[in-house]
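Written below as structure tokens is the structure these notes are about.
The values are calculated or read from the model by the stated rules, or taken from the named source; none is laboratory data. The shown structure was predicted, so the numbers you read here are calculated from the model rather than taken from an experiment. As a convention, Cβ positions derive from the backbone with ideal geometry for all residues, glycine included, and neighbour counts pool all protein chains shown.
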């Protein structure tokens with residue numbers, strides 16, 4: 001066993017975990033933070049995307065102990081009903097989800113993009129989402145939603 | 001229309017907020033304390049007979065709460081229309097990946113280790129994968145009854161109308177083509193997952209990924225010994241009829257579904273999760289890996305279609321003969337139903353006075369096929385429309401005009417003798433031509449769907 | 001040793017000592033993008049002691065005495081975005097940018113790519129083309145080897161004494177040098193190379209004076225084509241010569257068929273990429 005200390009969505013946690021455990025399993029099964037999904041466990045689909053110390057990462061490929069001491073953000077920490085992030089509002093208003101399974105991963109990848117590049121081109125959006133798969137929507141509304149969120153003038157999109 | 005609150009308005013998805021806030025609950029997001037992890041031993045060969053299965057080392061591994069084989073299943077056969085599919089292999093393995101035994105343990109790691117400790121001895125047999133090869137007399141038998149599903153006395157579903165030979169005699173040209181529609185895997189972002197929670201006295205709550213709750217509830221009922229054909233072991237408890245009170249022993253809960261496209265209408269994970277829950281008395285969750293999803297879940301079958309049309313010089317298709325082979329995989333599933341749909345729709349929305357469609361279900365040693373959007377109809381439509389274009393090219397007729405010439409009209413009959421009374425293909429094509437600026441000959445602009453002259 | 005199962009040493013010597021201690025069954029982990037896939041696909045209770053390399057500070061990208069030092073644990077995203085690498089080793093920057101996807105690039109390292117030793121390893125191909133040197137640290141001290149020699153070394157020898165790649169040393173590409181990095185894969189994101197060709201070359205008065213042509217995905221490891229060097233150096237590149245080179249280089253290859261491409265396709269596509277790359281010389 002090993003002792004993991006991480007801050008998730010602003011809340012500090014101290015957990016005993018298996019040293020080989022991946023962060024996705026720890027988040028979901030020990031902290032019950034379920035927005036990062038199990039889609040492939042090989043880092044190919046993007047449904048497990050989280051932001052660790054400001055960088056977009058695959059939770060399924062992140063050895064949890066290797067990010068001991070880090071700050072982690074998941075969709076639950078991006079915004080909530082009543083205090084939504086512009087991306088969440090935009091995804092909702094632009095029908096950027098159908099089954100919704102890829103949506104948390106898409107939002108995290110989009111947030112990581114907008115945090116660095118508040119006004120990306122369509123090509124930059126596509127490149128930022130190139131690690132995310134969606135089997136339902138055909139991506140068009142997702143790209144549209146990210147563009148719409150980035151165009152929100154006066155809003156603090158980078159937060 | 002001022003009192004309409006929804007119709008005519010753009011509404012947001014009612015589950016959209018759940019999606020963007022991560023609060024949407026999928027089966028794997030449901031956590032019940034004490035849940036065990038389920039893993040399954042799958043056949044490593046395409047076809048064979050199990051000579052020996054030793055689960056003792058798996059059973060005695062610390063952390064394992066239970067192991068099941070076919071002997072633990074009250075009713076091991078199930079299916080939509082033909083009750084031929086097995087929950088767990090008894091002796092004959094029909095496809096690679098077919099479930100043989102299941103284990104529930106404290107963690108996924110222990111369950112995986114336990115599967116690794118199960119010893120299997122298999123007498124391998126030669127499989128057959130190609131549906132064309134599978135119908136040959138010398139082909140290895142996928143199932144004891146042979147590799148073709150009989151429909152009564154015939155080795156195919158047949159839809160026949162008129163007189164096909166007379167129809168071909170009336171034709172000026174015969175146009176024959178082969179069409180192949182390959183297999184497709186749904187690959188939803190969410191894999192098959194099932195969480196079965198025993199509550200009191202063998203009642204169960206099952207969290208399922210299926211959207212076909214009532215389709216599968218019947219099948220689970222049967223497997224758990226609540227249906228008609230109940231084995232003696234369980235009959236002391238279950239006196240229920242198929243349509244009776246038995247439903248109330250299972251609470252079948254649908255969660256948000258992470259994509260399906262038809263791939264979650266088979267009993268992939270629910271039965272085994274339920275059986276493990278009953279065996280161990282503990283909540284059991286079985287989450288398929290991406291590999292299991294891609295390799296072992298039901299997929300859309302491949303379709304091989306042969307179209308032979310008799311066409312007159314002026315572009316009328318007077319006869320259509322189709323032979324289709326549908327590759328069902330190792331078990332029947334929905335295949336007998338889908339070939340009916342295919343046969344009914346092969347003629348397309350066209351008036352064909354002489355029709356002979358034969359659609360054959362063939363068994364092969366592959367994963368059983370299942371539903372996918374439009375299955376049965378999509379391959380037929382694809383073949384039909386390309387055939388139309390090939391006819392147009394061969395006859396030197398414009399493809400739009402060919403369709404106008406042959407379009408169904410009101411009071412025409414389908415090949416199944418269903419009379420149509422609300423057909424507007426002609427008007428739809430006219431509107432389409434307008435939208436895409438395709439000029440139509442006046443003759444076709446003036447057409448309508450009024451009943452054909454006698 | 002304690003029964004601690006996870007170490008994150010800040011000191012390279014300590015890391016090597018841990019990795020050299022067979023009694024604890026040590027396993028090095030950097031970005032984790034290869035090793036975690038293995039762990040996830042084959043879930044077992046693990047007996048190994050994990051030695052995390054991410055706290056060793058081996059993520060530097062710097063120029064020193066005319067050479068570029070690429071830390072073995074620098075994430076691909078940092079290498080791809082680095083102004084220094086883009087200016088002095090644009091081949092490497094391009095190779096890193098075209099690997100994997102944004103999230104994976106934030107974790108994956110060139111050290112990991114080289115150690116993972118795959119047929120399609122882009123990091124290996126890029127470093128071979130650049131004629132990089134590998135600096136390997138162990139309990140026995142530091143060793144410097146040419147990339148090709150490192151690839152030829154046995155795994156046992158590489159890991160001896162708790163071997164850890166410290167950094168790669170690369171001579172910067174001068175403005176006069178010609179370079180290329182071309183690859184094909186099934187889609188742009190999250191898709192391993194199906195075929196790849198890399199080149200570092202020099203031209204003088206219309207003739208080729210130096211040539212390192214690296215072919216990836218066509219043998220058990222990416223390799224430097226001796227035939228390409230032999231045929232190109234001293235000659236004027238042109239359509240005829242380039243085609244000849246492509247044909248002869250295929251003779252050095254042993255392509256295989258897999259789920260992503262057939263051997264036939266790999267041959268045809270590699271030949272096309274070789275000609276494309278050589279046509280950039282003049």
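Computed values, structure above
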item: Any chance residue C:65 is outside the structural domain of residue C:277 (by TED's automatic domain parsing), out of contact with any strand residue (DSSP E or B) (no Cβ under 6 Å at 6 or more places or on another chain) and either closer than 30 Å to residue B:287 by Cα or surrounded by 21 or more Cβ atoms within 10 Å (Cβ to Cβ) (or both); result: no
item: Condition met for residue B:375 (touching a strand residue (DSSP E or B) at 6+ places or on another chain (Cβ under 8 Å) and part of a loop (DSSP other than H, G, I, E, B)); result: yes
item: In the stretch C:169-220, the residues that are part of a loop (DSSP other than H, G, I, E, B), under 24 Å from residue C:235 (Cβ atoms) and out of contact with any strand residue (DSSP E or B) (no Cβ under 9 Å at 6 or more places or on another chain); result: C:175, C:205, C:206
item: Residue tally, condition away from chain A (no Cβ under 14 Å) and under 19 Å from residue B:290 (Cα atoms), over the stretch B:195-223; result: 1
item: Breaking point among (1) within 16 Å of residue C:109 (Cβ to Cβ); (2) more than 8 Å from every other protein chain (Cβ to nearest Cβ); (3) in contact (Cβ under 8 Å) with a residue 60 or more places away in the chain; (4) touching a strand residue (DSSP E or B) at 6+ places or on another chain (Cβ under 9 Å), for residue C:32; result: (2)
item: All positions within the stretch A:74-95 that are under 14 Å from residue A:106 (Cα atoms) and under 11 Å from the mean Cα position of the chain (by Cα); result: A:74, A:75, A:76, A:78
item: Residue satisfying condition, being within 11 Å of another protein chain (Cβ to nearest Cβ) and closer than 30 Å to residue C:40 by Cβ, within set A:82, A:138, A:131; result: A:131
item: The stretch A:40-57, residues that are touching a strand residue (DSSP E or B) at 6+ places or on another chain (Cβ under 8 Å), more than 15 Å from residue C:41 (Cα to Cα), facing another protein chain (nearest Cβ under 8 Å) and part of a loop (DSSP other than H, G, I, E, B); result: A:46
item: Among (1) modelled with pLDDT of 95 or more; (2) touching a helix residue (DSSP H, G or I) at 6+ places or on another chain (Cβ under 6 Å); (3) not in a loop (DSSP other than H, G, I, E, B) - the single one residue B:166 does not satisfy; result: (2)
item: Residue selected from the stretch C:46-81 under the condition farther than 14 Å from residue C:110 by Cα and assigned to a loop (DSSP other than H, G, I, E, B), by the criterion nearest to the other protein chains (Cβ to nearest Cβ); result: C:46
item: Leading residue by the ranking (nearest to the other protein chains (Cβ to nearest Cβ)) among those in the stretch A:58-74 that are surrounded by fewer than 21 Cβ atoms within 10 Å (Cβ to Cβ) and part of a loop (DSSP other than H, G, I, E, B); result: A:68
item: Those residues of the stretch B:62-76 which are surrounded by 18 or more Cβ atoms within 10 Å (Cβ to Cβ) and either more than 26 Å from the chain's Cα centre (by Cα) or closer than 13 Å to residue B:276 by Cβ (or both), in sequence order; result: B:64, B:65, B:66, B:67, B:68, B:69, B:72, B:73
item: Residue match in the stretch B:18-25 (condition: assigned to a loop (DSSP other than H, G, I, E, B), in contact (Cβ under 8 Å) with a residue 40 or more places away in the chain, surrounded by 11 or more Cβ atoms within 10 Å (Cβ to Cβ) and in contact with a helix residue (DSSP H, G or I) (Cβ under 7 Å, 6 or more places away or on another chain)); result: yes
item: Sole exception among (1) surrounded by fewer than 23 Cβ atoms within 10 Å (Cβ to Cβ); (2) within 25 Å of the chain's Cα centre (by Cα); (3) assigned to a strand (DSSP E or B) for residue B:305, by number; result: (1)
item: Positions within the stretch C:82-128 being within 12 Å of chain A (Cβ to nearest Cβ), farther than 27 Å from residue C:176 by Cα and in a helix (DSSP H, G or I), in sequence order; result: C:102, C:103, C:104, C:105, C:112
item: Test set (1) away from chain C (no Cβ under 14 Å); (2) under 17 Å from residue A:33 (Cβ atoms); (3) without any contact (Cβ under 8 Å) to a residue 60 or more places away in the chain - residue A:77 fails condition number; result: (3)
item: Verdict on residue A:64 being touching a residue at least 24 places away in the same chain (Cβ under 8 Å) and in contact with a helix residue (DSSP H, G or I) (Cβ under 9 Å, 6 or more places away or on another chain); result: yes
item: The stretch B:30-57, residues that are within 11 Å of chain A (Cβ to nearest Cβ) and crowded, with 21+ Cβ neighbours inside 10 Å; result: B:37
item: Flag if residue B:10 is surrounded by 15 or more Cβ atoms within 10 Å (Cβ to Cβ), without any contact (Cβ under 8 Å) to a residue 24 or more places away in the chain, within 14 Å of chain A (Cβ to nearest Cβ) and on the phi < 0 side of the Ramachandran plot; result: no
item: Pairs where the first residue, in the stretch C:1-28, is more than 14 Å from chain A (Cβ to nearest Cβ) and under 17 Å from residue C:72 (Cβ atoms) and the second is surrounded by fewer than 18 Cβ atoms within 10 Å (Cβ to Cβ) and modelled with pLDDT of 95 or more, C-beta under 6 Å, 6+ apart; result: C:16/C:139
item: All positions within the stretch A:12-34 that are within 17 Å of the chain's Cα centre (by Cα) and not in a helix (DSSP H, G or I); result: A:22, A:31, A:32, A:33, A:34
item: Residues that are surrounded by fewer than 24 Cβ atoms within 10 Å (Cβ to Cβ), touching a residue at least 40 places away in the same chain (Cβ under 8 Å) and assigned to a loop (DSSP other than H, G, I, E, B), drawn from the stretch A:80-107; result: A:94, A:95
item: Out of A:37, A:7, sole residue that is in a loop (DSSP other than H, G, I, E, B) and in contact (Cβ under 8 Å) with a residue 12 or more places away in the chain; result: A:37
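Residue-wise test of (1) at pLDDT 95 or above; (2) buried (at least 16 other Cβ atoms within 10 Å of the Cβ); (3) more than 8 Å from every other protein chain (Cβ to nearest Cβ).
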{"position": "A:5", "(1), (2), (3)": "yes, no, yes"}
{"position": "A:12", "(1), (2), (3)": "yes, no, yes"}
{"position": "A:27", "(1), (2), (3)": "yes, yes, yes"}
{"position": "A:32", "(1), (2), (3)": "yes, no, no"}
